[in-house]
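One structure is given below, encoded as structure tokens.
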Amino acid sequence: MGKGNRLRADVWRIVQAALAAVDPTACVHRALRREGDRLRAGDHVYDLRRTRRVVVVGMGKAAARMAVAVEETLGDRISAGLVVTADGYRVPTRRVEVVEAGHPVPDARGLAAARRIAALVDGAGEDDLVIVLISGGGSALLTLPAEGLSLDDLAQVNALLLRSGAPIPEMNAVRKHLSQVKGGQLARRAAPARVLALILSDVLGDPLDVIASGPTVPDPTTYADAERVLRGYGLWDEVPLSVQEHIAAGARGGLPETPKPGDPLFARVANVLVGTGRVAAEAARAEGEALGYQGLILTTTLAGEAREVGKVVAAVAREVVRFGRPVGRPGLLVAAGETTVTVRGPGKGGRNQELVLAAARGIAGIPGVVICALGTDGRDGPTDAAGGMVDGGTVARMQGRGIDAREALAQNDSYRALAAAGDLVVTGPTGTNVADLCLVLVGKEDG
């Protein structure tokens, strides 16, 4: 096996270790324990003898695997359950029903699931415990439009936001104010029941109000914020008139706001973070060190325009090659987070593919370097790839197939370019979602 192939094999082993560390079932088992008639989640303890019914609901790409862990913990104490996940993420369950729906653009299946989930929590009483399983993708999958809005309205807004380059917190400020269940409103519907939310984060810094649009968390954003986001990205005149009217009415005070910090309803709500991108990054570094690489986590809050981040990642790789810093050789650099893409061209791709395509230009012709970026959920943008893995020969392989890397970037056509070079990473749905992972592996100087 050549040096480049060895590096690629090591990258793949590191990726697998990182994904295993954030397996949703394992994450929930670490956080949720049953001790006889007591259920413990972090610092929160529930007396099952005083609990009439346990209802489990959930939303997100990891929701089905999270439900498996809750079933294994609570068994027949679960009275009813329903979670909605993305296509391809269903796994077998015994007591909690799993349905699939559209992501990232919501569809009628997500609407039907959201109505059923709302009905389940609406029926909860003071002696009931509602367990809510929340993970990335939940914002699109749990779709229950506010009064006067349609599913098509939400789908149009979602599609516009996805192409705008807006970061997730700003996107979700809009989504919360077009919904009956986001931004703490699911918790409000469940009152007076106790609510335990187990949350797998896919957002930088793990702000609980942003993950899946915070259905069980106080919402610090307002209708005025939602309007500012749409106007700031030039989308106000493109969204449906019904959406403009709804948000404008809310900004004038004509509609009730989402529940805010300090609302007494949250006294009976516990939000427990069970897994994050930091866990994946630390597992990646540990596996790299076990393989003999000097490991360094650069950041767990990676953000910015994907192609610009790719340039920086390539520059850091060159620094390792030339000067042995910030790590010596062989070395592993790890970053976790989520970049954005402002779509200007007609091509096909995703943020991780665009990042590594830009990085490939920065390491062209340099041996002994491999850069990989992928979505931990196994999906990168509207493609079947999780991301890409490039090396010093990637640009030349593209050129050999008649593709110019610079032009592919200009057209947002990273998928076609990476496919031509044989550098796409395709994992299929992984069942987890803690945002993105970027790895830089630099081999020994002597090969």
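Of note:
- When residues in segment 22-69 are screened for being within 12 Å of V96 (Cβ to Cβ) and free of Cβ contacts under 8 Å to residues at least 40 places away in the same chain, 0 of them pass.
- Residue within segment 268-288 that is more than 26 Å from the chain's Cα centre (by Cα) and part of a loop (DSSP other than H, G, I, E, B) present: no
- Residue within segment 5-26 that is closer than 19 Å to V426 by Cβ, assigned to a loop (DSSP other than H, G, I, E, B) and charged (D, E, K, R) present: no
- Looking across segment 119-138, the residues that are in contact with a strand residue (DSSP E or B) (Cβ under 8 Å, 6 or more places away or on another chain) and in a helix (DSSP H, G or I) come down to L120, V121, G138.
- Residue within segment 389-412 that is under 24 Å from A21 (Cβ atoms) and not hydroxyl-bearing (S, T, Y) present: yes
- Of all the criteria given as (1) surrounded by fewer than 22 Cβ atoms within 10 Å (Cβ to Cβ); (2) at pLDDT 95 or above, the one not satisfied by V320 is (1).
- Residue that is nearest to E445 (Cα to Cα), among those in segment 299-317 that are aliphatic (A, V, I, L, M) and surrounded by fewer than 19 Cβ atoms within 10 Å (Cβ to Cβ): A315
- Filter result for the condition that a residue is in contact with a strand residue (DSSP E or B) (Cβ under 8 Å, 6 or more places away or on another chain) and under 26 Å from I297 (Cα atoms), over G350, G431: G350
- For R52: the one exception among (1) within 25 Å of the chain's Cα centre (by Cα); (2) not in a helix (DSSP H, G or I): (1)
- Taken together, R116, R109 contain a single residue that is farther than 25 Å from P192 by Cβ, in contact with a strand residue (DSSP E or B) (Cβ under 7 Å, 6 or more places away or on another chain) and surrounded by fewer than 17 Cβ atoms within 10 Å (Cβ to Cβ), which is R109.
- The criterion of at least 1 residues that are among the polar types (S, T, N, Q) and either surrounded by fewer than 24 Cβ atoms within 10 Å (Cβ to Cβ) or free of Cβ contacts under 8 Å to residues at least 24 places away in the same chain (or both) is met by the following helices (runs of 4 or more DSSP H) wholly inside segment 333-447: 394-400.
- Scan of segment 195-233 for residues that are among the charged types (D, E, K, R), within 19 Å of T376 (Cα to Cα) and modelled with pLDDT of 95 or more, ordered by number: none
The values are calculated or read from the model by the stated rules, or taken from the named source; none is laboratory data. Fair warning: this is a prediction, and the values are worked out from it, not measured in the lab. Counting neighbours? That spans all protein chains shown, and the Cβs are built from the backbone with ideal geometry, glycine included.
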